[in-house]
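Have a look at the structure below, then the notes.
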Amino acid sequence: MPEDFIQPSLFDLDKSDNDEEDYYPDWLYPDNWKTPRWKTAIKRQQLSLPLRNALSSSFLPRSGSWLDFGSGHGLDMPRLCDRTSGRYEVHDFDPHYCPKFSKLKNTYSIVSLVYVLNVVEEPVERCKLLRFTWDLCTEALVVAVRCDGAGQQLTKIGTFQKYYDRDEFLDLLIAYCPGARIFGIGAGHAIACK
């Protein structure tokens, strides 16, 4: 088991202790991040590979709502809508670029978490984030992590990057997506289905 693997029982995701209507975990707000994660967002020229792989699979519902969590510049959702002829009601959320926290009050048929876990420097926060997004979806969670390196490091621009191997990624999904049926759809790409 990786040394930064956190057992689910070591944290509490219950938000009921706070009476504020718009309460969200502290780790979700950019002011609380130790590195400038938003700098890792890139402007792709086409739909991201993990989402193309997900659409090519047979593991997603044919229609429904879709939230891209940690969407960066928000370019995948319009492309997804175009590519699927509007079968999905698409939404994006990014704590820095699109901080529409009200979107987190809903659940979605599908939630995607594409290359977000790699840039979170705190191991416990990575685990909480995966569980948080698992709870936001009603049918499937599309998760992609970088696996084209080893270990973890601070980059030249001050961002954090963690690389996963296959077993570590699978262990993470099993632990924080309880009861999921997990399907690999590419290197470092998976769909966890409820």
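The values are calculated or read from the model by the stated rules, or taken from the named source; none is laboratory data. As the structure is a computational prediction, the values presented were derived from the model and not from experiment. Quick reminder, even Gly has a Cβ in these numbers, built from the backbone with ideal geometry, and neighbours come from all protein chains shown. Surface areas here come from the heavy atoms of the whole protein model, side chains and all, with no ligands, DNA or RNA. Shrake-Rupley method; radii C 1.70, N 1.55, O 1.52, S 1.80 Å.
With the structure loaded, tell me whether Q153 is open to solvent by 20 Å² or more (accessible area, probe 1.4 Å), within 25 Å of D26 (Cα to Cα) and not hydroxyl-bearing (S, T, Y) or whether it fails that test.
Working: open to solvent by 20 Å² or more (accessible area, probe 1.4 Å): yes; within 25 Å of D26 (Cα to Cα): yes; not hydroxyl-bearing (S, T, Y): yes.
In short, yes.
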Unique match (being open to solvent by 20 Å² or more (accessible area, probe 1.4 Å) and in contact with a Lys or Arg (Cβ under 6 Å, 6 or more places away or on another chain)) among S63, S57, S85: S63
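Looking only at segment 156-186, count how many residues are part of a strand (DSSP E or B) and open to solvent by less than 20 Å² (accessible area, probe 1.4 Å). Walk me through how you get there before you give the answer.
We begin by selecting, within segment 156-186, every residue part of a strand (DSSP E or B); these are 160-162, 181-186.
Subset that is open to solvent by less than 20 Å² (accessible area, probe 1.4 Å): 160-162.
Number of matching residues: 3.
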Write out, first by first residue and then by second, each pair whose Cβ atoms fall under 8 Å of each other, whose residues are 6+ apart or on separate chains, and whose first residue, in segment 169-183, is free of Cβ contacts under 8 Å to residues at least 24 places away in the same chain while the second is open to solvent by less than 60 Å² (accessible area, probe 1.4 Å) and in a loop (DSSP other than H, G, I, E, B). I174/A180
Would you check which residues across segment 135-151 are modelled with pLDDT of 95 or more and not charged (D, E, K, R) and list them? L136, C137, T138, A140, L141, V142, V143, A144, V145
Exclusive hit being at pLDDT 95 or above, of a type in the set (A, V, I, L, M, F, W, C) and in a loop (DSSP other than H, G, I, E, B), set L60, L67, L51, L55: L60
Return the residues of segment 116-131 that are open to solvent by less than 20 Å² (accessible area, probe 1.4 Å) and over 26 Å from K156 (Cβ atoms); say none if nothing qualifies. C127, L130
Going by the conditions given, is R44 part of a loop (DSSP other than H, G, I, E, B), under 27 Å from Q153 (Cβ atoms) and open to solvent by 20 Å² or more (accessible area, probe 1.4 Å)? yes
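Using the structure shown, decide if D76 is open to solvent by less than 20 Å² (accessible area, probe 1.4 Å) and within 11 Å of the chain's Cα centre (by Cα).
Details: open to solvent by less than 20 Å² (accessible area, probe 1.4 Å): yes; within 11 Å of the chain's Cα centre (by Cα): no.
Against the criterion (open to solvent by less than 20 Å² (accessible area, probe 1.4 Å) and within 11 Å of the chain's Cα centre (by Cα)), D76 does not qualify.
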Is at least one residue of segment 58-81 of a type in the set (S, T, Y) and in contact (Cβ under 8 Å) with a residue 60 or more places away in the chain? no
